[in-house]
Each structure stands twice: as C-alpha cells, then as structure tokens.
1. So, Lys172, is that one out of contact with any Cys (no Cβ under 7 Å at 6 or more places or on another chain), crowded, with 19+ Cβ neighbours inside 10 Å and of a type in the set (D, E, K, R) or not?
2. Look at Glu224 and say whether it is under 30 Å from Leu277 (Cα atoms) and more than 22 Å from the chain's Cα centre (by Cα).
3. Consider only pairs whose beta carbons are under 8 Å apart and that are at least six residues apart or on different chains; among these, list those whose first residue lies in segment 31-46 and is of a type in the set (Asp, Glu) and whose second residue is surrounded by fewer than 18 Cβ atoms within 10 Å (Cβ to Cβ) and part of a loop (DSSP other than H, G, I, E, B).
4. Might you let me know whether segment 91-98 holds any residue that is at positive phi, free of Cβ contacts under 8 Å to residues at least 60 places away in the same chain and either of a type outside the set (Ser, Thr, Tyr) or surrounded by 20 or more Cβ atoms within 10 Å (Cβ to Cβ) (or both)?
5. With the requirement that a residue be among the hydrophobic types (A, V, I, L, M, F, W, C) and in contact (Cβ under 8 Å) with a residue 40 or more places away in the chain, what does segment 169-200 give you?
6. From the list Leu134, Leu124, Leu90, pick out the single residue that is modelled with pLDDT of 95 or more, among the hydrophobic types (A, V, I, L, M, F, W, C) and out of contact with any Phe, Trp or Tyr (no Cβ under 8 Å at 6 or more places or on another chain).
7. List every residue pair whose Cβ atoms lie under 8 Å apart, where the two residues are 6 or more positions apart in sequence or sit on different chains, the first residue falls within segment 149-168 and is under 20 Å from Arg203 (Cβ atoms), and the second residue, located anywhere, is of a type in the set (Phe, Trp, Tyr) and in a strand (DSSP E or B).
Amino acid sequence: MGLFYKYCKWNTRLLSHIYYKNIRVSGIENLPQEGPVLLAANHPNSFLDAVLIGAALPRDTHFLARGDAFSNKTAAKVLGSLNMLPVYRLSEGKENLNKNTETFDACQNILEKNEIVLIFAEGLSENNWDLRSLKKGPARIAKKAWNSDNDAQNLAIVPVGITYEHYQGEGKNILINFGKAYTSDDLNYQKNEALFVKELNERLSHDFEKLAYIDRELTEDSEEHRKFTNQFNQLNNSEINGLEIVQKLSSKKQKPAPKKGASFIQLSLIFWPYYLLCSSLAPKIVKQKIFQDSIRFGLFIFLWPIYLLLLAGLVQALVSL
C-alpha cells in the first residue's frame, strides 16, 4: 500500500476521536486475519463510509466507489492513491459500463493476492436510514472468485453495517458492526447467476437489518429523529456492544427528546473555529449534499496541521504581549 493511503488511514484513526463524539466498532473478530475477503456494506454516507470502515480495519483495503467521482483527472489520481476503484452506472453514460469489466478484473487480482475489497451492496448512497435494493456487484465478485483456481477461491464474505446519528458534520455517534463471515460452503454459487444474486442479496439484506439501524420513515431534524438521537447518545454511553445498540434502537422505545444542553461543539472550544471553517467550505467545494459530510471530514483531516500552526502562532503572540 502507498504512503499516502497509510498516512490517511493513520490520520483518520487519530482525528476521528476529535471530530466525532464516538465511533463504536463491534464484531471486528469476524474479519479473517488472512486470506481474501469481500466486505459488503450498506451505504448511507458516500465516501465517508469507506474512509471510516477502512480506518477501523487492521488490514489494508481496496474500495469500490461511484464512477462519476473519477471524471476529473486530479480526483481520479487522488482516489486511486487511496485504493479506490470506479464502478459506473447507466446514468453516468452507457459508454462507461464496459469499464466495469476492468474494475471487476482488478478485484479478482486483489483477491488472488489474499487482500480485501469493500463494496457497497446498495450501489447508490443517500443520507437516510433506509436500505435500498441491493445490486449484483457482490455476487458477481464472489462467483468469479469461488470459481477460480487460485487463492481467490478461499474468499470469505463479511457483511458490515454502519449507522450514523446524523449527517451534518462533527459531533455524531457512529456504529460500525461486522457480521459473521460466510464462504463458498454456505452458498450455492454454482446455480444460475440470477438465482445466486437473489440468494446472496437476501442474505445480505437480512444481515444489514441486524447490523445497521434501518428505519425508512426516519427523517433528519424531525421530532422522531431527536428522540432517536437522545437514545443513541444514552446507549453509546453504556457498556453494551454495537449489535445490542442496533437492537435497542430498533425497538422504537425512544425517550422524549431532551432540552438542548451543551453540544459537542461547545465542549470542544479549541477546535470550534476549525469545525466552522470545514463546515462552511464543504458546500462551496461540492454542491451535492450527499458528498458534503465526507468533504467536511476530509478538510478536517488535511488542514489540521495548518490550523495547529496558526493556533500556536496566536498563543505565542498573546503570550508575548
């Protein structure tokens, strides 16, 4: 893996504890310590999902990302250096669909080297707590690997569920739950492709319902969302694991939303100007709201040395007065 990838992974692990209120990772013991792995995750928050899941893993990872993000040559180079591979949809041009063959061939090569590929089974990402219909990408990769005559045939699929308290920047609780792995012995991959896609996607959907909080009716900033946020905070302060938190959140026994008190940002005054800067810059860099949460955290990761230098200079100036 390249130095830029390793730097970003280290930076994410370090700064996520400052930027977010709490990131709880459960079930990491389900990830095989060696051998090829396909991580199949739900996809509520664009590139941020890949960044946070990748940082949580002890092993390095390759990620499949939406193809339109690679349209800019500079962005394509940056994303490539972060081990991201493009997957194109019909909406991004029929002429680009053939490029997906190259991407899936690259996935096969990665798995032959006993490495990890992360794919978002829903394909599309939306900032909500819904679970969209799953695409055939995970089945396509798994079937090819299990039918190979190299190390890729030892592929293990590990489902991953990720849940966010909200999608508006800093100070949120986040759950990342890794489910039980399954191999070629657990699925009939020799059946026709359509039936195999259906079987695998049904299994993944069932797993996502347990690993992530799914509520198709929940909307951000509603009264129900405030109740959800209140319960999420209470549960994250307890000793229970991520799977139990999802179960309790899904029970719909939220307590009334509390009166507003000191927020995360008020309790992190030293970084308050920095949070504000990253939040104000994100909409100017990208207009699509789905990407803005990722951009906010990306700015926080890359600009923090400059911010600390400016802060140190300000403190020195004040001391010398």
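The values are calculated or read from the model by the stated rules, or taken from the named source; none is laboratory data. Quantities reported herein were computed from a predicted structural model and do not represent experimental measurements. Neighbour counts are summed over all protein chains in view; Cβ atoms, including those assigned to glycine, are modelled from backbone coordinates with ideal geometry.
1. It is true that Lys172 is out of contact with any Cys (no Cβ under 7 Å at 6 or more places or on another chain), crowded, with 19+ Cβ neighbours inside 10 Å and of a type in the set (D, E, K, R).
2. Yes; evaluated as a whole, the condition is true for this residue.
3. Glu34/Asn114
4. There is at least one residue in segment 91-98 that is at positive phi, free of Cβ contacts under 8 Å to residues at least 60 places away in the same chain and either of a type outside the set (Ser, Thr, Tyr) or surrounded by 20 or more Cβ atoms within 10 Å (Cβ to Cβ) (or both).
5. Ile174, Leu175, Ile176, Phe178, Ala181, Leu187, Phe196, Val197, Leu200
6. Matching residue, one of Leu134, Leu124, Leu90: Leu134.
7. If the second residue must be of a type in the set (Phe, Trp, Tyr) and in a strand (DSSP E or B), the pairs left are Ala156/Tyr182; Ile157/Tyr182; Val158/Phe178; Pro159/Phe178; Val160/Phe178.
Conditions tested, residue by residue: (1) within 24 Å of Asn45 (Cα to Cα); (2) out of contact with any helix residue (DSSP H, G or I) (no Cβ under 7 Å at 6 or more places or on another chain); (3) outside any strand (DSSP E or B); (4) of a type in the set (Ser, Thr, Tyr).
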site: Glu122; (1), (2), (3), (4): yes, yes, yes, no
site: Ala142; (1), (2), (3), (4): no, no, yes, no
site: Tyr167; (1), (2), (3), (4): yes, no, yes, yes
site: Gln190; (1), (2), (3), (4): no, yes, yes, no
site: Leu195; (1), (2), (3), (4): no, yes, yes, no
